[in-house]
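Visitor: The structure that follows is given in the form of structure tokens.
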Amino acid sequence: MAAKRPLVAGNWKMNGLGAALSELRALRERLAQDPPVPEIMVCPPATLLTRAHDLLAGSTILLGAQDCHPLPAGPHTGDLSAEMLADSGAGAVIVGHSERRQDHGETDAVVNAKARAAFRAGLTAIICIGETEQERRAGTTLEIVRRQLEGSLPQDARAANVVIAYEPVWAIGTGLTPTQADVAAAHRFIRGELGRLLGKEESRDLRILYGGSVKPANAAELLSVPDVDGALVGGASLKASDFFAILSAYSRRGAG
């Protein structure tokens, strides 16, 4: 069986007005000249989804959203359902990002419900897991990852509808990154847990991304780690040149 294609997804978070679409246009033009090795996704704020969808039509860049409500409709002012995101052109949605877990008190059960909502709307769920600095210092990283994975992963999760993103919370936006050995250990553990929960075949095919201060300077090192099937990129995805440099890490190491 052919190796699964890596995925590099850019999470713009709460950044980007209409003018920011010029970066997306520049990325599209650059990739048209130099086709990428990995699959590429950009997750802009919901206000830009429809315009981004139109801009990316006919390109190889996939479009994702940053969050969804568990229900398809109802009296939930300010929320967006997975169906609304799909209607806006998204093909995937991030759920359980640590900033949602921390800032909005989202539990594993809520993340699980949101992932199931993504499935319902035909979207891929990018499920985020990862430990805090305090949990890391306490030596409970693997325990936290196991608990989050068990609680957040729906029973009907499959390699075709789920991507896991391991993001150590202490590394997100801080400029700090774990060592290659730390990343390898976490991803190896996650792969094993996926095998236990979903079966070895699904575990083998399901992509596990690394996230947390991924930038051009460290991308090649991080993306070369065993069981790392791509990256979830934050701030460095806001500039086409930086994001392209991260994508190019695969070409530099001859991945395929």
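The values are calculated or read from the model by the stated rules, or taken from the named source; none is laboratory data. What you are looking at is a predicted structure, and each value in this text was computed from that prediction instead of being measured. Here Cβ is always computed from backbone atoms with ideal geometry, including for glycine, and neighbour counts include all displayed protein chains.
Visitor: Tell me which of these E23 doesn't satisfy, since it passes every other one: (1) touching a strand residue (DSSP E or B) at 6+ places or on another chain (Cβ under 9 Å); (2) buried (at least 21 other Cβ atoms within 10 Å of the Cβ).
Guide: All conditions pass for E23, except number (1).
Visitor: Also, quick follow-up: Residues that are closer than 21 Å to I94 by Cβ and in contact (Cβ under 8 Å) with a residue 60 or more places away in the chain, at least 2 per element: which helices (runs of 4 or more DSSP H) completely within region 164-256 meet that?
Guide: The qualifying helices (runs of 4 or more DSSP H) are 240-252.
Visitor: Moving on. Could you count how many residues in region 48-62 are surrounded by fewer than 17 Cβ atoms within 10 Å (Cβ to Cβ), assigned to a helix (DSSP H, G or I) and within 19 Å of the chain's Cα centre (by Cα)?
Guide: Adding up the residues that qualify gives 1.
Visitor: Specify the residue that is surrounded by the most Cβ atoms within 10 Å (Cβ to Cβ); the eligible residues are those in region 26-42 that are in a helix (DSSP H, G or I) and touching a residue at least 60 places away in the same chain (Cβ under 8 Å).
Guide: Taking the candidates together, the pick is L27.
Visitor: List the number of the failed condition for A186; all other conditions in (1) touching a Phe, Trp or Tyr at 6+ places or on another chain (Cβ under 6 Å); (2) surrounded by fewer than 20 Cβ atoms within 10 Å (Cβ to Cβ) hold.
Guide: Failing condition for A186: (2).
Visitor: For E39, state whether it is within 20 Å of E167 (Cα to Cα), charged (D, E, K, R) and at pLDDT 95 or above.
Guide: Against the criterion (within 20 Å of E167 (Cα to Cα), charged (D, E, K, R) and at pLDDT 95 or above), E39 qualifies.
Visitor: Does region 143-163 hold any residues that are assigned to a helix (DSSP H, G or I) and hydrophobic (A, V, I, L, M, F, W, C), and which are they?
Guide: Within region 143-163, I144, V145, L149 qualify.
Visitor: Could you identify the single residue in A73, A109, A65 that is modelled with pLDDT of 95 or more and buried (at least 19 other Cβ atoms within 10 Å of the Cβ)?
Guide: That would be A65, the only listed residue that is modelled with pLDDT of 95 or more and buried (at least 19 other Cβ atoms within 10 Å of the Cβ).
Visitor: Considering only region 232-242, I want to know if a residue exists there that is under 15 Å from the mean Cα position of the chain (by Cα) and of a type in the set (S, T, N, Q).
Guide: Yes, region 232-242 has at least one match.
Visitor: Now a separate question. Being buried (at least 16 other Cβ atoms within 10 Å of the Cβ) and either among the polar types (S, T, N, Q) or not in a loop (DSSP other than H, G, I, E, B) (or both) is the filter here, so list the residues in region 122-141 that pass it.
Guide: Hits for region 122-141 are T124, A125, I126, I127, C128, I129, T132, E135, R136, T141.
Visitor: Looking at G139, G175, can you tell me which residue is in contact with a Lys or Arg (Cβ under 9 Å, 6 or more places away or on another chain) and over 25 Å from R5 (Cα atoms)?
Guide: Result of the check over G139, G175: G175.
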